[in-house]
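The values are calculated or read from the model by the stated rules, or taken from the named source; none is laboratory data. Model, not experiment: these values are computed from the prediction. Cβ placement follows ideal geometry from the backbone for every residue including glycine, while neighbour counts extend to all protein chains displayed.
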Ligand code: FES
Ligand code: MG
């Protein structure tokens, strides 16, 4: 008898009655008994594209090529809808839905007759949601990026999706463009199907899915409309069938070694500050230890090689033509900087096999390792009385910022400032241009109440621009701290993902406008210089559920009830106890 898991539905000699019941409904749209009862693996195509999800919508087309590949290799494709997660469309934030899509897909993969899955990844949270589900259920899985959009252009310069919004916002506030100009320049940055063409969270997470070994080599960077995108879709479909026959599972690929490789690659590409949240979450669901100290220890001293916006100048098409992820990993391998060259990947080969010898085809886009954009490009994991853990992406510190805050000859890595506290983005929008606050370059902007429980979902609202009166004086960045997240497409050097969040009484709940703050990047600390007694008084005055507006939907309430801090991946408490559900057998019959 076939060893395929799906045959426990479709060909179970111990239960002819149920076999008939399972079988007839999948025969009824034209599948045959040969397909369902022989030795053909049944492969889910976990479809994240829809009209609601423009970033991933091209997957509707790519799925056709995936199907062709699956069939050519002797499998049976079943396309399965995934709960939509559109970064720019979903209120209050798409990240609220990451865990919902995860839950829903893990239930689907576990409870239906499926032997393997193609994870159709792309827009920011789709990648972690699908990898988390594959981790929990642990049936053979391979990821397929939808690919980045073509480069955006406006008047002869590249306009990067997401990044241009933050830039245009400053131009608008400074009076350089009007409303129509604002729309025009922003729309220029999204010229085709695909996900954000910048090194935002999408390009980051798709690159890391490849660095983890979960995609075919080279699959991440191919622009969505290119012919190679259709071709790799076909090859991905072919490959998953063989992975099922070989029983090559997510837990075989996404090991601690693979995560360490991915952390290093994240620094080399200048990846988003959302990466630690999502990778920590995926690792948790596999039982692999990974925390923000690892990100600093393993990732901080890695050079930045990829010259993409927001840290650099180029966009997705350039990344592809320069060689994409294999060129980055190839250079890390040659320099002995990829910690685990022997890590196994989805094609059955190692990172060394796949990427050894690859080098940059465009050295201005993917720089040589001995002449990088920056030497130490990874994240710092800051700690202090403001929070137990917060991530700072040092690769986006501008020369302007460095000069103003990090050039004290006695103490070049530390700065102090006066706190200006905003309780959520509405408060910030209301007050940022209010001259009565007297915000100047000595200020540190704080956004609180925007974490997993506070928002809920931890929104990307921490990228705060300076007041317009400072922009007009050519001051473009102030230090920002928040218990929420920041768009990966934003280039400001903020201190993000502060955990625990204000809503559970973390340090940010206690800070007040006017407090003196001290940030020391050398020591890795961030503190309010406020005495213990004052802090104790402020703590005692907090209401029972501070910074937590009412839930608006049932899911928000369930999410708030179960969610962990950003530093631990914002996963649902208890969910990570369910690992390898497919290896534990199949669920009871339904009739
Ligand atoms: Fe979907 Fe950037 S908003 S990829
Ligand atoms: Mg975003």
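Might you check whether a residue that is away from ligand 1 (no atom under 16 Å from the Cβ) and part of a helix (DSSP H, G or I) occurs anywhere in the stretch 212-223?
No: zero hits.
Any residue at all in the stretch 15-30 that is part of a helix (DSSP H, G or I), assigned by the TED database to the domain that holds residue 132 and buried (at least 16 other Cβ atoms within 10 Å of the Cβ)?
The answer is no, given that none of the residues of the stretch 15-30 is part of a helix (DSSP H, G or I), assigned by the TED database to the domain that holds residue 132 and buried (at least 16 other Cβ atoms within 10 Å of the Cβ).
How many residues does the stretch 49-76 hold that are surrounded by 17 or more Cβ atoms within 10 Å (Cβ to Cβ) and either assigned to a loop (DSSP other than H, G, I, E, B) or within 15 Å of ligand 1 (Cβ to nearest atom) (or both)?
Total satisfying the criteria: 10.
Just checking, which of 35, 87, 79 is under 24 Å from residue 213 (Cα atoms) and either touching a strand residue (DSSP E or B) at 6+ places or on another chain (Cβ under 9 Å) or in a loop (DSSP other than H, G, I, E, B) (or both)?
So the residue among 35, 87, 79 that is under 24 Å from residue 213 (Cα atoms) and either touching a strand residue (DSSP E or B) at 6+ places or on another chain (Cβ under 9 Å) or in a loop (DSSP other than H, G, I, E, B) (or both) is 79.
Going by the conditions given, is residue 98 buried (at least 20 other Cβ atoms within 10 Å of the Cβ) and either within 16 Å of ligand 2 (Cβ to nearest atom) or not assigned by the TED database to the domain that holds residue 185 (or both)? Give the steps one after another, and end with the answer.
Details: buried (at least 20 other Cβ atoms within 10 Å of the Cβ): yes; either within 16 Å of ligand 2 (Cβ to nearest atom) or not assigned by the TED database to the domain that holds residue 185 (or both): yes.
Yes, satisfied.
Quick one: count up the residues across the stretch 487-504 that are assigned to a loop (DSSP other than H, G, I, E, B) and either more than 14 Å from ligand 2 (Cβ to nearest atom) or over 19 Å from residue 200 (Cβ atoms) (or both).
Of the residues in that region, 3 qualify.
In this structure, is residue 229 closer than 21 Å to residue 252 by Cβ and in a helix (DSSP H, G or I)?
It is false that residue 229 is closer than 21 Å to residue 252 by Cβ and in a helix (DSSP H, G or I).
For the stretch 109-121, what are the residues that are buried (at least 19 other Cβ atoms within 10 Å of the Cβ) and assigned to a helix (DSSP H, G or I)?
Correct list: 109, 110.
Test each condition in (1) assigned to a loop (DSSP other than H, G, I, E, B); (2) in contact with a helix residue (DSSP H, G or I) (Cβ under 8 Å, 6 or more places away or on another chain); (3) modelled with pLDDT of 95 or more for residue 555 and report the one that comes out false.
Result: residue 555 fails condition (1) only.
I'm checking my understanding of the structure. Among residues of the stretch 122-135 that are part of a helix (DSSP H, G or I) and within 12 Å of residue 99 (Cα to Cα), which one is farthest from ligand 2 (Cβ to nearest atom)?
The selected residue is 133.
Only one of these is within 16 Å of ligand 2 (Cβ to nearest atom) and touching a helix residue (DSSP H, G or I) at 6+ places or on another chain (Cβ under 9 Å): 213, 237, 194. Name it.
194
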